[in-house]
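A quick write-up on the structure given underneath.
What follows draws every value from the coordinates through simple rules; no lab data is involved. Just so you know, these numbers come straight off a predicted model, no measurement behind them. Here Cβ is always computed from backbone atoms with ideal geometry, including for glycine, and neighbour counts include all displayed protein chains.
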Amino acid sequence: MTEYSLAPLAGYTDLPFRRVCRRFGLKVAYTPLIDSGALVYGNKDNPQILARGEDEPWLAVQVLGSRLEDLRKSGQILNQMDFDAVDFNMGCPVRKVLKRCAGAELTRHLDKALDCVKVLREVVTKPFTVKTRILDEVDPEPTVAFCHALEACGVEAIAIHGRLPERIYAGPVAFHVIRAVREALRIPVTANGGIFTLEDARQLQEGTGCERLMVARGALGNPWLFKTLNEQSLYTPSHEEICEVVETQVRDMVRLYGNPGGLVVSRKTILGYLCKWRYPKPLRVKVSSISTWNEFHAFMQEVRASEKRQ
Ligand SMILES: Cc1cc2nc3c(=O)[nH]c(=O)nc-3n(C[C@H](O)[C@H](O)[C@H](O)COP(=O)(O)O)c2cc1C
């Protein structure tokens with residue numbers, strides 16, 4: 001049976017969001033990326049990034065970095081925490097990450113990438129996985145060779161985003177490259193890129209032959225996508241259901257990030273739902289001024305009084 005996981009998404013796939021996705025059938029999920037240096041030096045945001053619900057089934061933590069000493073220490077720190085796996089990020093295309101030769105930049109410095117993987121593999125006592133990108137969008141060979149090397153280092157599963165780093169998140173997904181990796185490797189390969197609908201998932205599955213598919217932006221504002229995918233039948237939430245999920249998620253975000261800070265953090269979440277379900281523009285414009293509980297409640301009354309556009 002096909003497994004649909006939720007990708008790591010910095011700034012989005014925190015505990016409150018995962019919790020709503022879990023309600024609609026999500027099992028396999030990742031924390032947003034956490035920087036190895038931030039872990040070692042104990043940054044103040046770490047607890048929120050690392051928060052795990054007692055009720056959560058399988059959850060991996062994703063670490064980013066390229067300083068070997070930091071990676072080693074972060075592996076030791078993560079061993080002590082309650083995660084089912086440790087995942088290494090080799091896909092982040094953000095400029096400041098690339099500049100320090102981390103994230104997707106490692107796919108252009110393969111020796112360095114393998115050094116990082118070896119250090120983590122040596123120290124991590126849990127299942128150890130990698131999320132990376134394709135290395136060439138025409139010729140599968142470089143990506144296959146790289147993934148073979150990862151497998152040889154003891155990586156236990158690989159997720160591949162089928163776009164080059166320079167394409168960021170746009171453009172077609174190179175199904176045939178992911179397929180070639182899946183056919184060449186013994187370890188499980190997860191395909192990622194462009195799942196927004198049931199049909200997108202079918203195409204990614206057929207194109208890559210993968211039974212493990214990873215959903216990313218498609219879940220934002222639409223945790224019901226997991227219900228659609230698991231039941232193989234389009235599920236459209238009612239206006240009331242959307243309001244209830246937004247209120248639940250925002251309440252959990254305020255618990256996690258504090259009051260009133262959590263309300264500011266939750267603006268982009270609220271906007272995600274309003275955009276996805278095509279609520280009227282004047283409502284969307286108002287989201288940027290929500291800063292307190294009272295403002296949020298008043299805003300939700302307006303949302304409830306409106307009808308989403310189909
Ligand atoms: C806002 C945002 C944050 C992301 N954060 C992460 C991250 O923390 N770790 C990671 O491996 N990928 C991250 N990604 C990449 C996604 O996991 C995924 O690979 C990418 O969005 C492609 O899938 P999609 O086309 O289904 O969205 C992020 C993407 C976006 C848009």
Practice item. Just tell me which lysines come within less than 26 Å, Cα to Cα, of Lys73; anything on the same chain fewer than 8 places away is out. Key: Lys44, Lys96, Lys99, Lys112, Lys118, Lys126, Lys131
Exercise for review: Would you mind calculating the relative contact order of the chain from Cα pairs under 8 angstrom and at least 6 residues apart, reporting the percent as a whole number?
Suggested key: 15 percent
Point to revise | Restricting the range 52-131 to trypsin sites (Lys or Arg not before Pro) in coil, as DSSP defines it, with at most 14 other Cβ within 10 Å | key: Arg100
Point to revise | Per-residue HN-Hα couplings for the range 280-294 [Karplus 6.51, -1.76, 1.60; θ = phi - 60°; Hz; x = Gly/Pro] | key: x, 4, x, 5, 4, 5, 6, 4, 5, 9, 7, 10, 10, 4, 4
Point to revise | Extended-chain gain in nm, criterion 0.36 nm per residue less alpha-carbon gap, Cys275 and Glu241 | key: 10.7 nm
Check your understanding: Around Thr129, which amide H atoms from residues at least 5 apart in sequence, or from another chain, sit under 5 Å from its own amide H, with H modelled in the peptide plane?
Key -> Val86, Asp87, Phe88, Glu156
Exercise for review: Answer rounded, prolate or oblate for the range 3-231, using the Cα gyration tensor with square roots of eigenvalues a ≥ b ≥ c: rounded when a/c is under 1.5, else prolate when a/b is larger than b/c, else oblate.
Suggested key: oblate
Check your understanding: What is the mean projected area of the alpha carbon convex hull for the range 239-305, to one decimal in square nanometres?
Key -> 3.8 nm²
Check your understanding: So what are the ³J(HN,Hα) numbers for the range 48-55, from phi and the Karplus equation (6.51, -1.76, 1.60; θ = phi - 60°), rounded to whole Hz, Gly and Pro as x?
Key -> 6, 5, 8, 4, 10, x, 4, 8
Review point. If R0 is 22 Å, what FRET efficiency do you get for Gln76 and Ile187 from their C-beta distance, rounded to 0.05?
Key: 0.35
Exercise for review: Grab the DSSP H runs of the chain that are 4 residues or longer, score each as -39,500 (n - 2.57), total them, divide by all residues and round the 222 nm result to the nearest 500 deg cm²/dmol.
Suggested key: -13500 deg cm²/dmol
Review point. Stretched out fully, how many nm does the piece from Val138 to Glu122 gain, at 0.36 nm a residue minus the Cα gap?
Key: 2.4 nm
Practice item. Count neighbours as other Cβ atoms within 10 Å of each site's Cβ, and list the trypsin sites (Lys or Arg not before Pro) in the range 212-310 that are DSSP loop with at most 14 such neighbours. Key: Arg278, Arg309
Review point. Between Arg267 and His176, what length in nm is gained on full extension when 0.36 nm per residue of separation is reduced by their alpha carbon distance?
Key: 29.0 nm
Exercise for review: Would you please classify the overall shape of the range 186-310 from the alpha carbon gyration tensor, given that a ≥ b ≥ c denote the square roots of the eigenvalues, rounded means a/c under 1.5, and beyond that prolate means a/b larger than b/c while oblate covers the rest?
Suggested key: prolate
Check your understanding: In nanometres, what is the gap between the two model label sites at Leu110 and His148, each 7 Å from Cα along Cα-to-Cβ?
Key -> 0.9 nm
Review point. Size of the dipole of the range 3-231 about the Cα centre, Lys and Arg at +1 and Asp and Glu at -1 on the beta carbon, nothing else charged, in debye to 20?
Key: 500 debye
**Study point:** Ranked Ile178, Ile187, Ile242, Ile168, criterion: other C-beta atoms within 10 Å, fewest first
**Key:** Ile168, Ile187, Ile242, Ile178
Practice item. List the aspartates and glutamates whose Cα lies under 17 Å from the Cα of Lys286, skipping any in the same chain that are fewer than 8 positions away. Key: Glu247, Glu295, Glu302, Glu307
Check your understanding: Would you list Met300, Met1, Met81 from fewest to most Cβ contacts within 10 Å?
Key -> Met1, Met81, Met300
